[in-house]
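Below is one structure, written out as structure tokens; the observations come after it.
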Amino acid sequence: MNTPRAGKYFLIGIITALALASLAAYSLSLLTPSIVVTTYAGGRPVNAFIQVFAVPPPGHGNSLIQVWNGTTIDGAARVPMTALLNVARGWIDEGLGGEGAGVEVIATYVNGSTVRYDMKFTTYKPSDALNALSNPVAGIIKLNYGSIKMNLTLTAKKPAGTTAQAPTPPAPAGCWWSLLWSWQTPQVDIPIAWVVDKAPNYLAGSLSAYYNQYTTATVYFYASAGITQGTSAGVTYRFIGYSSQVGAQNWNSLSFGLGQPSGGYLYHVGTLGVAGLRLICITGPTDQYDYEAFVSSIGQNGQLYFSANVSYINGFMSLYKAYTGVHPRYVPFDEIYEGSGHGYAYMFSNIQTYSPPFGFMGTIPIGLIISLTASRLGAQLSAPGLILANLAARLQVSATQISIISISVGHASSYPAYGDLLVAAVPVPYSNPSRSYFYYPYLLGFNVTGLGSYSSGASIYVDGPGVVFNQCAPIFDSYNWTAYVQIGGSPLLVPGGSVEAVIYDSRGSIVWSGSFSVPASFDGSPHEPVVVSVPWTVFNYGVPYNVYYMELTYGGYSTRYGSITYKPSTTTFTIYASFQSCPEHQSLNHE
């Protein structure tokens, strides 16, 4: 017979058993806070070998430490935060527990003779991780501390040969990455933007960063990788996630020209990391190498400083030609006009021009800064100079209400006054694997010059629907495509011109055309994309679809005073118009 007291003890026993089971599971790492890693190849989950590397705090010497490896099961693995415990304590001991410390995850999957892999950085806060690990209740609340999705788009060939030494604990029969070497700089100036005034007695202005009126934001520093096969000339460059982050509340500015220094830079104090890895397989080593550069840490609580020491900028930029044989590229961005109450200003941010698909693409040439620092300290780096010179850190801002970089030219020795604004760029293409898109990253370095004569090619990137459908109810009037007319293949957009759009059917007959203006500098909102709006009734929708082709032609553009010319460009893409069934009284299909 059950009595109330017996039921009470039974309930207490269940609760106690559950609590003990939870604590036991926690102690066995079954409920330990973890980073969840998922791996995909060709759109499906695959079981890949996972390696985790932690970025140590400043003063360590090495820039990466392997802390964990394992295998995904059904395409997923839980990397326990306990693997980061010792490194996290090091960050806390340095007083940097609240900073974003870097973690790199590398996933490798073997299918026959093909090796697929990917690498990605993310950050964690060491103090948060230590709190979650030291408190089982807090740990259970933060069971999924973070997640990383890995799309294994990079490939290599698995070699046939002798058995290589397997990592510890043993990897599954396949391949993994061996960390050959790594190096961390001491604290150095990390310029987030710089300017050189080539006409300091004629034009003057200011360079500022992290200015906002509405909200605080976070700036993320993305790592880069140069991946190559042995001595092959072909190198794949890409950004591989963010390795560090800083609050953007510390606004600062620098004045230049007309009684001010002829240039300078805005900078954080921090450390940089560089590393070299090699793909190794059970059957032997491959000739696939991965060279990485990244921001390891930002010090001084993210304080932003300025300096007029242009020789520092010239020091690392001069290394580019020494390593590559060519000069850094400078993109003619805009024409400057001063007079009649007008000045020139442009704010770089992740809104307007740099909203998706690009995000903010401004970069810092950290590979060159690492090289300059190593040469001054007598440190020998095993990375090829050609690759290291092209490795950069990308800046990404989290909020849309902040202008990450702003440059203005508002004074001249006489009025009216004219000039040009040039932007430095890395002259090698970086790949965007999610969109199969290549672009030339621009550096946040500016040259202000007198009126010159420049010419640049242009290219068009289009973002919009590939399939359009007839309407069953009058919801919208048109389909829209956004055309980004880029300067020389960089994410920077032209300051004027027009785009002609023509749609052809499958027989080559024109069914629609339209003309769209690119906002010009003198209109007050330059460097904007063009929205091409096409009435939905233009298309004849078929089953399964009818095929159309849209041709976009940028006609070129010359700035008002003729100092910069942008050349014409054309692109064509396919549109599929598919018929969807509607209730008979709602059908709006255009015949």
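The values are calculated or read from the model by the stated rules, or taken from the named source; none is laboratory data. Small disclaimer: the values here were computed from a predicted structure and weren't measured. We place every Cβ from the backbone using ideal geometry, glycine too, and count neighbours over all the protein chains shown. Note: areas computed on protein heavy atoms with side chains; ligands, DNA, RNA excluded. Shrake-Rupley method; radii C 1.70, N 1.55, O 1.52, S 1.80 Å.
Things to note:
- Being at pLDDT below 90, surrounded by fewer than 23 Cβ atoms within 10 Å (Cβ to Cβ) and assigned by the TED database to the domain that holds residue 416 holds for only one residue in 231, 236, and it is 231.
- Count - residues of segment 194-227 that are surrounded by fewer than 24 Cβ atoms within 10 Å (Cβ to Cβ), modelled with pLDDT of 85 or more, in contact with a strand residue (DSSP E or B) (Cβ under 6 Å, 6 or more places away or on another chain) and of a type in the set (S, T, N, Q): 2
- Hits in segment 146-184 - residues which are open to solvent by less than 60 Å² (accessible area, probe 1.4 Å) and at pLDDT below 85: 146, 159, 161, 164, 166, 167, 171, 172, 174
- Filtered residue count, segment 250-273, keeping only those that are more than 17 Å from residue 189 (Cα to Cα) and either open to solvent by 30 Å² or more (accessible area, probe 1.4 Å) or of a type in the set (D, E, K, R) (or both): 6
- Screening residue 116 with (1) open to solvent by 10 Å² or more (accessible area, probe 1.4 Å); (2) under 19 Å from residue 242 (Cβ atoms); (3) touching a Leu at 6+ places or on another chain (Cβ under 7 Å) gives one miss only, at (2).
- Residue 130 vs. criteria open to solvent by 40 Å² or more (accessible area, probe 1.4 Å), more than 19 Å from residue 277 (Cα to Cα) and part of a helix (DSSP H, G or I): yes
- Per-region count, segment 308-334, residues under 19 Å from residue 206 (Cβ atoms) and either in contact with an Asp or Glu (Cβ under 7 Å, 6 or more places away or on another chain) or among the β-branched types (Val, Ile, Thr) (or both): 2
- Number of positions in segment 76-113 that are surrounded by 19 or more Cβ atoms within 10 Å (Cβ to Cβ), in contact (Cβ under 8 Å) with a residue 60 or more places away in the chain and not aromatic (Phe, Trp, Tyr): 13
- Every residue from segment 471-493 that is touching a strand residue (DSSP E or B) at 6+ places or on another chain (Cβ under 8 Å) and within 20 Å of residue 533 (Cβ to Cβ): 477, 478, 479, 480, 481, 482, 483, 484, 485, 493
- Tabulated pairs, segment 245-257, first on the phi > 0 side of the Ramachandran plot and in contact (Cβ under 8 Å) with a residue 40 or more places away in the chain, second acidic (Asp, Glu) and open to solvent by less than 40 Å² (accessible area, probe 1.4 Å), C-beta under 8 angstrom, 6+ apart or interchain: 257/197
- In segment 300-325, the residues that are part of a helix (DSSP H, G or I), open to solvent by less than 70 Å² (accessible area, probe 1.4 Å) and more than 17 Å from residue 364 (Cβ to Cβ): 324
- Residue within segment 384-407 that is without any contact (Cβ under 8 Å) to a residue 60 or more places away in the chain, small (Gly, Ala, Ser) and open to solvent by 20 Å² or more (accessible area, probe 1.4 Å) present: no
- Members of segment 447-497 found to be of a type in the set (Ser, Thr, Tyr) and either open to solvent by 40 Å² or more (accessible area, probe 1.4 Å) or closer than 30 Å to residue 582 by Cα (or both), listed by number: 453, 454, 455, 478, 479, 482
Rundown of residues vs (1) modelled with pLDDT of 95 or more; (2) among the β-branched types (Val, Ile, Thr); (3) closer than 30 Å to residue 432 by Cβ, yes/no style:
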| position | (1), (2), (3) |
| --- | --- |
| 479 | yes, no, yes |
| 485 | no, yes, yes |
| 510 | yes, yes, no |
| 531 | no, yes, yes |
| 543 | no, yes, no |
